[in-house]
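One structure below.
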Amino acid sequence: MDFDLSDEQLEIKRSVREFAEREIRPHVMEWDEAQHFPLELIPKLAALGLMGVTFPAEYGGAGLGYVEYTIAIEELARVDGSVAIIVAAHHSLCAGHIYISGTEEQKRKYLVPLARGEKLGCWSLTEPEAGSDASGTRTTARREGNHWVLNGSKTFTSNGSYADICVAMAVTDPSAPKHGISAFIIEKGTPGFRPGKKENKLGLRASDTTEVIFEDCRIPAENCLGRPGEGFIDSLKVLEKGRISIAALAVGMAQGAYEAALGYARQRRQFGRPIAEFQAIQWKLADMATEIDASRLLTYRAARLADQGRRVQREGSMAKLFAGETAVRVASEAVQIYGGYGFIKDYPVEKFYRDVKLCTIGEGTSEIQRMVIAREILKAGC
Ligand SMILES: Cc1cc2nc3c(=O)[nH]c(=O)nc-3n(C[C@H](O)[C@H](O)[C@H](O)COP(=O)(O)OP(=O)(O)OC[C@H]3O[C@@H](n4cnc5c(N)ncnc54)[C@H](O)[C@@H]3O)c2cc1C
């Protein structure tokens with residue numbers, strides 16, 4: 001087993017880190033406090049190939065794998081989780097769904113500009129009454145001649161206010177619950193399609209999380225994504241890979257919080273010496289480093305399996321569960337190491353503390369990950 005990154009992967013890590021330090025770090029708190037969605041950053045992310053890392057070059061992507069994508073998300077999140085989740089929702093959810101289920105024509109029309117970063121994507125599954133149980137979707141799509149007419153509302157859509165292309169799930173056959181849900185591609189500006197309330201969030205405040213509303217929204221019949229009735233099943237496949245993104249987001253934010261705490265522990269003096277010399281602080285740092293490493297290994301394993309074309313229900317959920325819960329613990333310990341200063345916005349760890357919580361909720365809560373893992377191990381018998 002080779003645990004080293006290749007030269008190309010190390011170069012991606014170095015260039016994304018340098019980009020994040022230069023283009024994102026100076027603005028992190030300003031964007032967070034103003035809830036400023038950094039739309040101006042998208043062309044720069046696109047120029048680095050980060051809006052379409054895993055898609056083949058013929059579809060406008062960088063032609064790399066999930067390991068490289070994971071490294072990129074991790075490095076963005078190390079500096080700002082908001083930017084990382086903007087890319088993740090665009091890449092692995094919206095564009096990823098079109099890549100998995102789209103026709104050749106849909107890929108040419110929608111995936112290419114998404115992968116090039118010329119257009120921004122969002123993905124709407126969650127509804128007010130359908131969160132963990134997405135089969136409870138109530139948004140409907142009714143066939144009328146050569147069109148589908150969508151009605152309903154989605155909640156918590158990342159990038160929802162700014163996206164040019166939305167992939168949304170709606171019920172097309174109410175008599176067949178899970179098999180009656182289909183996926184659709186909706187373009188910004190389509191009459192009857194609009195973002196609703198923007199959420200005022202605990203963390204990841206520079207990202208956009210918004211209600212998305214459909215009111216007699218007519219879209220061409222050819223904008224049904226995948227086979228009618230298979231939108232729910234395809235969504236589960238999309239989420240399988242999406243969970244690797246959230247695991248990478250968690251690893252990156254945990255790493256950012258840990259590095260800040262390590263630096264602070266070395267320079268903060270109490271009782272006449274650096275607090276890093278106290279065993280209580282050393283043990284915290286040791287646990288943080290160990291758990292981050294374990295999270296990263298689980299995440300890279302899931303990414304590598306995905307690159308081999310294998311299903312990663314179990315491995316993706318394990319990575320997301322462990323990395324998400326690790327990030328919450330690490331950020332909490334980072335605040336503890338900073339003492340009172342950890343509670344103050346002049347220092348970086350309070351933001352990590354707020355931001356990491358999303359990792360145990362988005363794209364399936366920790367409870368749902370445990371259900372998935374349990375189902376997979378019981379099925380396999382080991
Ligand atoms: C910042 C942010 C960004 C998001 N981005 C997107 C997006 O881009 N697109 C999108 O579609 N959605 C998005 N979501 C929605 C997210 O995926 C849901 O919030 C999540 O799946 C949980 O659903 P819920 O909030 O309705 O919680 P609920 O499903 O109501 O869960 C509430 C609690 O009950 C527990 N629970 C539920 N069912 C069970 C069970 N069977 N067994 C044990 N415990 C259970 C949950 O684990 C949780 O603790 C986003 C959410 C946030 C906060």
- Task: Check the range 247-263 and report whether any residue there is among the hydroxyl-bearing types (Ser, Thr, Tyr) and open to solvent by less than 10 Å² (accessible area, probe 1.4 Å).
- Result: no
- Item | Members of the range 119-163 that are within 8 Å of the ligand (Cβ to nearest atom) and over 19 Å from Lys198 (Cα atoms) | Ser132, Asp133, Ala134
- Pairing a residue in the range 1-22 that is over 19 Å from Ala84 (Cβ atoms) with any residue that is surrounded by 12 or more Cβ atoms within 10 Å (Cβ to Cβ), where Cβ atoms lie under 8 Å and the two sit 6 or more apart in sequence or on different chains, gives Phe3/Leu297; Glu8/Glu68
- Which is open to solvent by less than 50 Å² (accessible area, probe 1.4 Å) and within 16 Å of the ligand (Cβ to nearest atom), of Gly339, Gly316? Gly316
- Query: Of the residues Pro191, Pro195, Pro113, Pro174, which is modelled with pLDDT under 95, more than 10 Å from the ligand (Cβ to nearest atom) and either assigned to a helix (DSSP H, G or I) or open to solvent by 30 Å² or more (accessible area, probe 1.4 Å) (or both)?
  - Reply: Pro174
- Message: Is it the case, given these coordinates, that Glu40 is over 24 Å from Ala260 (Cα atoms), part of a helix (DSSP H, G or I), out of contact with any Gly (no Cβ under 9 Å at 6 or more places or on another chain) and outside the structural domain of Ser245 (by TED's automatic domain parsing)?
- Response: yes
- Filter the range 294-313 for residues that are among the polar types (S, T, N, Q) and in contact with a helix residue (DSSP H, G or I) (Cβ under 8 Å, 6 or more places away or on another chain); which is surrounded by the most Cβ atoms within 10 Å (Cβ to Cβ)? Thr299
- Taking Lys284 and the conditions (1) of a type in the set (D, E, K, R); (2) within 15 Å of the ligand (Cβ to nearest atom); (3) in contact with an Asp or Glu (Cβ under 6 Å, 6 or more places away or on another chain), which numbered condition does it fall short on, given that it satisfies the others? (2)
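The values are calculated or read from the model by the stated rules, or taken from the named source; none is laboratory data. Just so it is clear, the model here is predicted, and its values are computed rather than measured. As a convention, Cβ positions derive from the backbone with ideal geometry for all residues, glycine included, and neighbour counts pool all protein chains shown. Note: areas computed on protein heavy atoms with side chains; ligands, DNA, RNA excluded. Shrake-Rupley method; radii C 1.70, N 1.55, O 1.52, S 1.80 Å.
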